[in-house]
Amino acid sequence: MMKNHFVSVVIPTFNEAENIKEAIEKVKQQLNYIGIPYEIIVVDKYSKDGTAKVAKKLGARVLFDNEGKGSALVKGLKTAKGDILVSMDADLSNEPKELELLISAIDIGYDVCLGSRFIVGGGSEDMPLIRRLGNKFFVWLVNVLFNAHYSDMCYGYRSFSRSAFKKLDLKEKGFGIETEMNIQIAKKKLKAIEIPSHEKKRQHGAAKLKTFRDGYAILLTILKNLK
């Protein structure tokens, strides 16, 4: 039986009006099924397509941030009221049914639970070969440099205990945020577990990730954290 918890789900957005309605509805459906109190926080980059308006109409708490994914995510997680914090994407690539595992891992005593597309039961419908190779390289590099044991690196579906999140010294403003989190988790020796996660294809709109630009940003994040 799951203990008494309050869960905050944080979703950064930028022009996701076509996706955010279904994303919020599915999250609400799953958390209501689990029977746990929750809040949904959308951190929007001043979208022009009405993303914030849709989110508010569905009962989400809406914040605004104009710097980048990392800045938005950290702002949402710092503002969240939950004792369990969950981060996820707005593009319907993350499966809400996996929320129960993410929450349960924190409930039984882990500090952090990381979704992984590269362990048994995980997978991705949206990872071209160049991105797959890049991810493997970054996983190897972080594992070697920071004495870690990750199987996935640049994936944002994860959960934290509130106390564990407060220990992370996060500075990244953009797409290097998940890598910085993984490095900080290793540095702080937090108790972490990976669970299988299946990444679906983006449902609507263009992907925000740019392979080479964001790959370079991730490499810089790793190098900066060597200090």
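The values are calculated or read from the model by the stated rules, or taken from the named source; none is laboratory data. This structure is a prediction, so every number in the text was calculated from the model and none was measured. When we count neighbours, we look across all protein chains shown, and the Cβ atoms used for this are built from the backbone with ideal geometry, even at glycine. For the accessible areas, the whole protein counts, side chains as well, though only heavy atoms, and no ligand, DNA or RNA atoms are used. Shrake-Rupley method; radii C 1.70, N 1.55, O 1.52, S 1.80 Å.
Quick notes on this structure:
- Pairs from the table (45/171; 75/189; 75/227; 97/191; 45/173) lying more than 20 angstrom apart at Cα are 75/189; 75/227; 97/191.
- Cα gyration tensor, region 60-195 - rounded (a/c under 1.5), prolate or oblate: rounded
- The alpha carbon centroids of region 123-153 and region 33-87 are separated by 27 Å.
- Computed on protein heavy atoms with a 1.4 Å probe, the accessible areas place 5, 198 in the order 198, 5, largest first.
- Gyration tensor verdict on region 31-86 (Cα atoms; rounded if a/c is under 1.5, prolate if a/b is larger than b/c, oblate otherwise): oblate
- The residues of the chain have, on average, 48 Å² of accessible surface per residue, using a 1.4 Å probe with all protein chains present.
- Principal axes of region 1-69: Cα extent on each, largest first, Å: 43, 22, 16
- Shape of region 93-143 from the C-alpha gyration tensor: oblate (a/c of 1.5 or more and a/b not above b/c, with a ≥ b ≥ c the square roots of its eigenvalues).
- Heavy-atom accessible area ranking, 1.4 Å probe, most first, across 95, 25, 180: 25, 95, 180
- Antiparallel DSSP beta bridges within the chain, as percent of all bridges there, nearest 5: 25
- Between 54, 20, 114, the Cα set farthest toward the positive side of the dipole of region 1-158 (charges on each charged residue's Cβ, about the Cα centre) is that of 54.
- Per-peptide packing, taken as the mean over residues of other Cβ atoms within 10 Å, places 51-64, 80-93 in the sequence 80-93, 51-64 from highest down.
- Heavy-atom accessible surface of region 117-227: percent carbon and sulfur, 1.4 Å: 60
- The Cα trace of the chain gives Rg and Dmax of 16.2, 46 Å, the first to one decimal, the second as a whole number.
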